[in-house]
Amino acid sequence: MGSRPLDDVELVERAKHGDVAAYEQLVCRYQEIAFRTAYVTTRDAEAAKDAAQSGFIKAYYALNRFRSGTPFRPWLLKIVANEARNQARSASRRTGRELQLAEGRPRDDAAPSPEEAALAALNREALLRAVNALDANARQVIAYRYFLDLSEAEMADALDCRRGTVKSRLSRAVGRLRETLAGDTSELVDERVHHE
Amino acid sequence: MSEAWMGFSDAELERALVDLGQHLSYPSAPELSRTVRAHLEQHPRRGHRLRALLIRRAVIFPTLAALAILASVLALSPDARSAVASWFHFAGIAIKSGSSPPGPLGHNLNLGRRVSPGEAQKRVPFHILTPTLPGLGTPDEIYVGPPPFRGRVSLIYRARRGLPRASTTGAGLLITEMQSRFFVGKTVPPGTTVVPVEINGDQGVWLAGRPHFLYYFSEQGTLLRDTIRLAGNVLAWDHGNVTLRLEGHISEEQAVEIARSMEAGTAH
């Protein structure tokens with residue numbers, strides 16, 4: 001193997017011809033986004049790992065249906081997202097743990113004072129609570145778009161819908177998020193009083 | 001605060017969501033590439049199988065080892081022959097010759113979380129089978145597996161008359177049950193014998209000899225390697241979509257007798 005990293009198209013072509021080592025490189029390249037894509041659906045690390053792994057395996061066996069020259073990532077994420085939905089549906093899986101904020105992250109540069117930083121943190125907590133309270137479909141759309149920064153085309157693939165539908169689903173999800181935020185009043189006020 | 005949200009424009013809310021995404025904590029992504037590769041090498045796409053076999057020189061020796069064992073078992077009897085042949089066919093021959101597992105066996109059994117019998121049944125999606133052999137009693141400890149063996153139940157019986165103590169723990173018998181699509185194979189170090197057995201109509205295999213691993217396919221197609229804990233003999237069989245294994249320093253007759261007595265019920 002040369003020192004230049006091969007691009008996706010080359011790796012996929014090799015993998016299509018049975019080169020497992022080439023496919024392994026693709027797995028290395030996309031395992032993190034695959035895992036996170038699965039995780040926002042399963043919210044369970046083990047289930048997400050299983051979904052990502054079986055997504056990679058299924059994608060490999062389906063490579064003969066993959067159109068050469070088209071982007072590999074959206075195609076892969078579609079399979080992984082589908083596996084994640086299956087995992088989440090499976091009765092044997094314990095899902096439903098919530099997405100959580102990272103602890104001990106450095107303060108935002110954008111927050112000029114400790115008070116504003118605390119307020120920003122409070123905002124994040126409230127927003128996350130609202131995201132966690134959404135139904136799986138709405139949460140998925142929001143997470144794909146804003147947390148994982150998937151493109152519209154990738155979202156369409158991962159959500160298994162048309163590109164045109166992505167926008168309307170996203171707008172519906174954001175609308176539900178607003179409703180949830182509006183319903184979160186008492187708890188927020190309490191927290192705020194406590195912080196003040 | 002909620003009023004503040006109400007006043008947020010879509011653009012502001014979007015910015016807040018992007019900001020939230022940057023502050024989320026994800027579990028660290030697991031390393032998948034080796035497991036995926038191992039799986040794909042064992043199960044090449046149609047048309048690539050022969051090539052894969054030729055490329056993977058490493059597979060030749062294990063295959064020879066498997067064939068040698070197969071040949072020795074085929075010499076046993078016609079019944080053994082047909083049982084072994086079909087079992088290997090079913091399993092797709094994933095026997096690998098290998099060295100013994102590293103580290104002291106049983107030093108830490110790593111079976112997961114200890115649970116009550118009732119909780120164990122709640123935490124797995126299949127009926128836990130327990131031996132009903134008179135004199136064996138109930139399991140002394142029950143564990144539910146850690147990742148990646150989330151659905152794995154382990155029943156431990158303390159050493160007692162007829163169940164000699166394993167060299168590294170006080171356990172005399174370990175029964176493991178896990179939902180898995182296939183029971184694939186095992187490492188076969190020199191000195192291990194493989195004999196087909198039948199447990200109430202299910203095909204199984206008796207492995208006598210030195211320590212080894214077992215390989216499973218999880219329901220999700222993940223290849224899992226599990227260590228034999230008690231460094232003894234092993235009886236393993238598939239019952240429906242569950243792989244069961246029984247290990248200890250016991251004879252084949254004893255193991256088969258215990259296995260045949262296993263029935264669904266509470267693990268009490």
Please determine, by comparing only the residues of segment A:132-154 that are over 13 Å from the mean Cα position of the chain (by Cα) and within 20 Å of A:D44 (Cα to Cα), which one is farthest from the other protein chains (Cβ to nearest Cβ).
A:D135
Lone qualifier among A:T165, A:T95 - being under 29 Å from A:I57 (Cα atoms), of a type in the set (S, T, Y), under 20 Å from the mean Cα position of the chain (by Cα) and at pLDDT 85 or above
A:T165
Go through A:N64, A:N82 for me and flag whichever is part of a helix (DSSP H, G or I), modelled with pLDDT of 85 or more, more than 19 Å from the chain's Cα centre (by Cα) and not hydrophobic (A, V, I, L, M, F, W, C).
A:N64
Given (1) buried (at least 20 other Cβ atoms within 10 Å of the Cβ); (2) of a type in the set (D, E, K, R); (3) at pLDDT 75 or above, number of the condition B:K122 does not satisfy:
(1)
Top-ranked residue of segment A:40-92 - restricted to ones that are of a type in the set (V, I, T) and more than 19 Å from A:V9 (Cα to Cα), ranked as surrounded by the fewest Cβ atoms within 10 Å (Cβ to Cβ)
A:V40
Determine whether segment A:13-30 contains at least one residue that is aliphatic (A, V, I, L, M), over 19 Å from B:P44 (Cα atoms) and either at pLDDT 90 or above or in a helix (DSSP H, G or I) (or both).
no
Within segment A:35-49, the count of residues that are closer than 15 Å to A:N86 by Cα and at the interface with another protein chain (Cβ under 8 Å from one of its Cβ atoms) comes to 6
Check A:G55 against each of (1) in a helix (DSSP H, G or I); (2) under 15 Å from B:R45 (Cα atoms); (3) without any contact (Cβ under 8 Å) to a residue 60 or more places away in the chain and name the one condition it does not meet.
(2)
Report yes if A:R129 is under 13 Å from the mean Cα position of the chain (by Cα), at pLDDT 85 or above, more than 8 Å from chain B (Cβ to nearest Cβ) and not in a loop (DSSP other than H, G, I, E, B), otherwise no.
no
Looking across segment A:10-24 at residues that are crowded, with 21+ Cβ neighbours inside 10 Å and out of contact with any Lys or Arg (no Cβ under 9 Å at 6 or more places or on another chain), the single one that is nearest to the other protein chains (Cβ to nearest Cβ) is A:A15
Filter result for the condition that a residue is surrounded by fewer than 23 Cβ atoms within 10 Å (Cβ to Cβ) and modelled with pLDDT of 80 or more, over B:V234, B:V256, B:V194, B:V205
B:V256
Among B:T130, B:T138, the single one that is modelled with pLDDT of 80 or more, under 19 Å from the mean Cα position of the chain (by Cα) and among the polar types (S, T, N, Q) is B:T130
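The values are calculated or read from the model by the stated rules, or taken from the named source; none is laboratory data. Bear in mind the structure is a predicted one, so any value in this text is a computation, not a measurement. Heads up, the Cβs are rebuilt from the backbone with ideal geometry, glycines too, and the neighbour counts pull from every protein chain shown.
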